Amino acid sequence: MRRGPSLIALVAAGVIAAAASASGAYTAKSAHLNARNPRAAFSVRARRPRKIILYIGTAKVTTTTRCLKGATVSKLTRSFHTDGTRNMLWHIAGKQDVCHVSVAAALKGRGTGSVSVDVYPR
């Protein structure tokens, strides 16, 4: 009799772990910049995002974030000239259905740079 409840607990723990890993953050897109490729542009589509994080390393970046919630459209264009991480859903209402983020980056100075977008789904 003890095997039944322990087996059920084991299966339940596996289902919970699978659900947690499926809803984890992921890097949607990234670009590496160097002297040979000093510019990059890409776009990301995120369904039901909780958070969208932009990481900038040695680059000048311009982004446009467009989000849809039902029939309402939110749009925000921002430019960054310093390195670091940025929240792309800053000043956009929560619980959006879908967001599109367009990124244009150019190498700042010499050496190498990078730009990446991480998505945290709901």
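Considering region 31-50 alone, what residues qualify as being loosely packed, with under 15 Cβ neighbours inside 10 Å and closer than 12 Å to residue 119 by Cα?
The answer is 45, 47, 48.
Mind telling me which of the residues 27, 65 ends up being of a type in the set (Val, Ile, Thr), at pLDDT 95 or above and part of a strand (DSSP E or B)?
65
Could you check region 84-100 and list, in sequence order, the residues that are touching a residue at least 24 places away in the same chain (Cβ under 8 Å) and open to solvent by 80 Å² or more (accessible area, probe 1.4 Å)?
85, 95
Do you know which of the residues in region 51-72 that are in contact (Cβ under 8 Å) with a residue 60 or more places away in the chain and open to solvent by 70 Å² or more (accessible area, probe 1.4 Å) is nearest to the chain's Cα centre (by Cα)?
It comes out as 51.
So, in region 104-122, exactly how many residues are more than 20 Å from residue 48 (Cβ to Cβ) and either modelled with pLDDT of 95 or more or in a strand (DSSP E or B) (or both)?
The number of residues fulfilling the criteria is 9.
Does residue 103 satisfy being without any contact (Cβ under 8 Å) to a residue 24 or more places away in the chain and of a type in the set (A, V, I, L, M, F, W, C)?
Judged against the criteria, residue 103 is not a match.
The values are calculated or read from the model by the stated rules, or taken from the named source; none is laboratory data. For clarity, every value in this text was computed on a predicted model and none was experimentally measured. Cβ: placed from backbone, ideal geometry, glycine included. Neighbour counts: every protein chain shown. Ligands, DNA and RNA are stripped out before the accessible areas are found, and what is left, the full protein with its side chains, is counted by its heavy atoms. Shrake-Rupley method; radii C 1.70, N 1.55, O 1.52, S 1.80 Å.
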